[in-house]
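What follows draws every value from the coordinates through simple rules; no lab data is involved. For clarity, every value in this text was computed on a predicted model and none was experimentally measured. Quick reminder, even Gly has a Cβ in these numbers, built from the backbone with ideal geometry, and neighbours come from all protein chains shown.
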Amino acid sequence: MSASGTSKRLTPSRITAMKGGTPIVCLTAYTTPMARLLDAHCDLLLVGDSLGMVLYGMETTTAVTLDMMVAHGKAVMRGVEKACVVVDMPFGTYQESKEVAFRNAVRILQETGCDAVKLEGGEEMVETIAFLTARGIPVLGHIGLMPQLVHTAGGYRSVGHKEHETSKIRRDAHAIGGSGAFAVVVEGTVEPLAREVTSAIHIPTIGIGASSACDGQILVSDDMLGLFNDFTPRFVKRYDELGKRAAAAAEEYAKDVRSRAFPAVEHTFKRRT
Ligand code: KIV
């Protein structure tokens, strides 16, 4: 907060106003040091429930809890000065009713100090999003591939190839566009559909695996930084190979410790005289 009591961070309404302009830059962040590194370069940082898979080695995001999201939301907020911070509502914390969603969203906002929450779902979530936004909670929508639905969808795969999928995403985009959400993540779909919905709705679309036709882009930071050495999805561009570099650094450290090359004189305290 500044002395006038207003945050210097980008607000959700400023993100909405970026529709159709310079693409909106978004990345995930889960920790204070990573938030500090990314903040200056991003318009929006998402504390995504992908942290369950990325940080905790879970198979899916469905076991991520509200306590985990609150803890990581607080950590990210300690490292951010400029970007708009959005915290994901985990599976099971908003689908039951709009009242349950409200209570859990309030907890996230109050305990983390973040700017908005994100929840997955199209038409079926419109009433909930309208309820939250009318009561002071900014919401980022999420349509297309919805990772929290992995068990009913039968896996993670891009959507919008078949007519029924195309019309569902079209309906979802229009519904979320009119729900009060300040922007919407569009995940894992084909370029013509992403282009169509981006021009049809008045809020920004933030693409992940949804082509350059969207108003902004988001990636999981750990994917983009190459912190994993395993499979990279087609839509991810690896801007570095930090995983390989970390493994090489650990190998060198191990060699130095075993050969007593580390710690050297310069790393060793001398008795004060
Ligand atoms: O959980 C997450 O990180 C997300 C992004 C990939 C959009 O939802």
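As a test of understanding, state the convex hull volume per residue of the range 136-273 from its alpha carbons, in Å³. Please list the in-between numbers first.
Values: hull volume 28.4 nm³, N = 138.
Output value, Cα hull per residue: 206 Å³.
Any chance you could run the full-extension gain for Ser199 through Lys74? It's 0.36 nm times the residue separation minus the Cα-Cα distance, nm to one decimal. Kindly include the intermediate steps, with their values, before the conclusion.
Details: separation 125, 0.36 × 125 = 45.00 nm, distance 3.51 nm.
So the chain would gain 41.5 nm between Ser199 and Lys74.
Hey, which of these cross-link pairs are over 20 Å Cα-Cα: Lys74/Lys237; Lys19/Lys162; Lys82/Lys244; Lys19/Lys118? Write down the numbers at each step before the final one.
Values: Lys74/Lys237 28 Å; Lys19/Lys162 28 Å; Lys82/Lys244 31 Å; Lys19/Lys118 18 Å.
Pairs exceeding the cut-off: Lys74/Lys237; Lys19/Lys162; Lys82/Lys244.
If you line up the long axis of helix 163-177 against the longest principal axis of the chain, both from Cα atoms, how many degrees apart are they, to the nearest 10?
90
Can you bin the range 63-135 into rounded, prolate or oblate? Criterion: square roots of the alpha carbon gyration tensor eigenvalues sorted a ≥ b ≥ c, rounded for a/c under 1.5, prolate for a/b above b/c, oblate for the rest. Provide the component values of the computation, followed by the final result.
Details: a/c = 2.07, a/b = 1.59, b/c = 1.30.
Here the range 63-135 falls in the prolate category.
Computed on alpha carbon atoms, what radius of gyration and Dmax characterise the chain, expressed in Å?
20.6, 80
Is the shape of the range 1-147 best called rounded, prolate or oblate, per the rule: a/c under 1.5 gives rounded, else a/b larger than b/c gives prolate, else oblate, with a ≥ b ≥ c the square roots of the Cα gyration tensor eigenvalues?
Values: a/c = 1.42, a/b = 1.17, b/c = 1.21.
Here the range 1-147 falls in the rounded category.
From the gyration tensor of the Cα coordinates in the range 175-243, what semi-axes in whole Å does the equivalent ellipsoid have, largest first, with each one equal to sqrt(5λ)? Display every interim value, and only then the final one.
Numbers: eigenvalues 148, 29, 14 Å².
With the √(5λ) rule applied to the range 175-243, the semi-axes are 27, 12, 8 Å.
Compute the distance in nm between two label points, each set 7 Å from the Cα along the Cα-to-Cβ direction, one at Thr62 and one at Ser13.
Reported label-point gap for Thr62 and Ser13 is 4.0 nm.
Angle between the Cα long axis of helix 191-200 and the longest principal axis of the chain, 0 to 90 degrees, nearest 10?
The angle comes out at about 60 degrees.
Could you give the angle, 0 to 90 degrees to the nearest 10, between helix 98-112's Cα long axis and the longest principal axis of the Cα atoms of the chain?
It is inclined by approximately 30 degrees.
For Thr273 and Arg258 in the same chain, what is the full-extension length gain: residue separation times 0.36 nm, less their Cα-Cα distance, in nm? Please report the intermediate quantities before stating the final value.
Details: separation 15, 0.36 × 15 = 5.40 nm, distance 3.13 nm.
Gain in length upon complete extension: 2.3 nm.
Provide Tyr56, Tyr94 in ascending order of the number of other Cβ atoms located within 10 Å of each residue's Cβ, fewest first.
Final ranking by Cβ density, sparse to dense: Tyr56, Tyr94.
Order by neighbour count: Val257, Val64, Val139, fewest other Cβ atoms within 10 Å first, most last.
On the way: Val257 11, Val64 26, Val139 29.
The order, fewest Cβ neighbours first, is Val257, Val64, Val139.
Go ahead and collect, in residue order, the members of the range 133-157 whose backbone nitrogen is under 18 Å from a label point 7 Å along the Cα-Cβ direction of Phe231.
Correct set: 145-157.
Which ordering of His41, His142 is given by a fewest-first count of other beta-carbon atoms within 10 Å? Don't skip to the answer; put the middle values down first.
Working: His41 11, His142 28.
Ordered from fewest to most neighbouring Cβ atoms within 10 Å, His41, His142 come out as His41, His142.
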